[in-house]
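Worksheet: the structure to be examined is printed underneath.
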Amino acid sequence: MTLKYLIQKEFLQIRRNAFLPRLIVMFPIVIMCVMPWVMSMEVKNIVVDVVDNDRSTESQRLVHSIEASNYFIFNGQKATYKAALAEIERGHADVVLVIPQDFGKQLVLGRHPQVLIATNAVNGTKGAMGTAYLSQIVTANFMPTTAAIQSRVTSLTLYNKEQNYKLFMIPALLAIVMMLMTGFLPTLNIVGEKEAGTIEQINVTPVSKWSFILAKLIPYWLIALFVITVCLLLAWLVYGITPAGSVWLIYVLAMLLALFFSAFGLIISNYSDTMQQAIFVMWFFVVTLMLLSGLFTPTRSMPSWAYLTTYVNPMHYFIDAIRTVFIRGGGLPQIYHQLLALLAIGIGMAMWAVHSYKKNS
């Protein structure tokens, strides 16, 4: 019965806060409706300059092919390579294509003239993709032998057949929403009571540490269920995207991640004296866990010493598992080791949260 009243107290505190109920509702809505449109790794709108030293029909056909591409913004033709390079240095262009003299003549004679592609590689991904796009256009238009070989190469897409980047990012956004909602709110809860002085009234009561910590965790687990439901509904209503696998597995994964972050937030709050201190410490760990989880980039691309951190990173297990369920339609046999890892880490954190809470009674 004591736990019941403590949980009621937590919900009353949330309801009486003018900001938190709005945040709980609006945050997942904004994240799901805005972020899939802007968090895209697809490279488009590459600004290209062309230096045409040939001025033949074939060279102009190549220029028009670049103009017609959806991936490029044609910035015009420059008189010299030096002038085009100056555009890159000023940040007005990303790629320069130089067509040599006798380009058309060499093509007529059946030869393969070389073109120069100069790329601004400050953004390595954009530079590499811009070079690849231009190379494909040149090959498709003027290298019939190579194009014929490439046309005989087929690919089979097993998952995400439409190559929809939103389908790839929505599971990651679920992780971000869960991390922020069930991590920061419990962190600020106990610290807020410390600053207000109300926690001293709890400390002198016979309430056990387990009851107190559970009363702090359970409301945020219920909030996690609400947030995941809102996110899944928005993914269906706004983008027409539904999980390929079992929805109940998504809820299980979400609850295990909520167990970890809510317990982790309470640990930080137990060791913090002010909200400012708790926020900075929590933000440090949240950013570190997120960047090392494989949320945006493959973990196998990291150095070997950095990859070792994924074995103790619950975000990595969650993202790997939820993408398996959401995109591939995997079931329990495919994600059981991620579930066990999340459960073990979550229980460990919950026990630490109880142990670190200093109750003076």
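Quick look at the values:
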read-out: Any pair with Cβ under 9 angstrom, 6 or more apart, that starts in segment 321-335 at a residue that is without any contact (Cβ under 8 Å) to a residue 24 or more places away in the chain and ends at one that is in a helix (DSSP H, G or I) and crowded, with 21+ Cβ neighbours inside 10 Å; value: Q334/A321; Q334/T324; Q334/V325
read-out: Flag if L249 is under 16 Å from M181 (Cα atoms), in the same structural domain as L173 (by TED's automatic domain parsing) and either assigned to a helix (DSSP H, G or I) or in contact with a helix residue (DSSP H, G or I) (Cβ under 7 Å, 6 or more places away or on another chain) (or both); value: no
read-out: Filtered residues of segment 59-76 (kept if surrounded by 14 or more Cβ atoms within 10 Å (Cβ to Cβ) and farther than 17 Å from V138 by Cα); value: N75
read-out: Spans of helices (runs of 4 or more DSSP H) in segment 260-361 with at least 2 residues assigned by TED's automatic domain parsing to the domain that holds A224 and under 25 Å from W248 (Cβ atoms); value: 314-326, 332-356
read-out: Some residue of segment 92-108 being aliphatic (A, V, I, L, M), assigned to a strand (DSSP E or B) and surrounded by fewer than 19 Cβ atoms within 10 Å (Cβ to Cβ); value: no
read-out: Of all residues making up segment 210-243, the number that are within 21 Å of the chain's Cα centre (by Cα) and among the polar types (S, T, N, Q); value: 2
read-out: Cross-chain or 6+ apart pairs with Cβ under 7 Å, segment 266-294 first and surrounded by fewer than 16 Cβ atoms within 10 Å (Cβ to Cβ), then among the acidic types (D, E); value: T274/E195; M275/E195
read-out: Pairs, first assigned by TED's automatic domain parsing to the domain that holds D94 in segment 50-72, second buried (at least 19 other Cβ atoms within 10 Å of the Cβ) and among the charged types (D, E, K, R), C-beta under 7 Å, six or more apart; value: V51/K78; S59/D52; V63/D52
read-out: Flag for S40 being surrounded by 12 or more Cβ atoms within 10 Å (Cβ to Cβ), of a type outside the set (D, E, K, R) and closer than 30 Å to A172 by Cα; value: yes
read-out: Test result for H112, modelled with pLDDT of 85 or more, more than 30 Å from S269 (Cβ to Cβ) and assigned to a loop (DSSP other than H, G, I, E, B); value: no
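The values are calculated or read from the model by the stated rules, or taken from the named source; none is laboratory data. Since we're looking at a predicted model, the values are computed, not measured. Methodologically, a virtual Cβ is constructed for each residue, glycine included, from the backbone with ideal geometry; neighbour enumeration extends over all protein chains shown.
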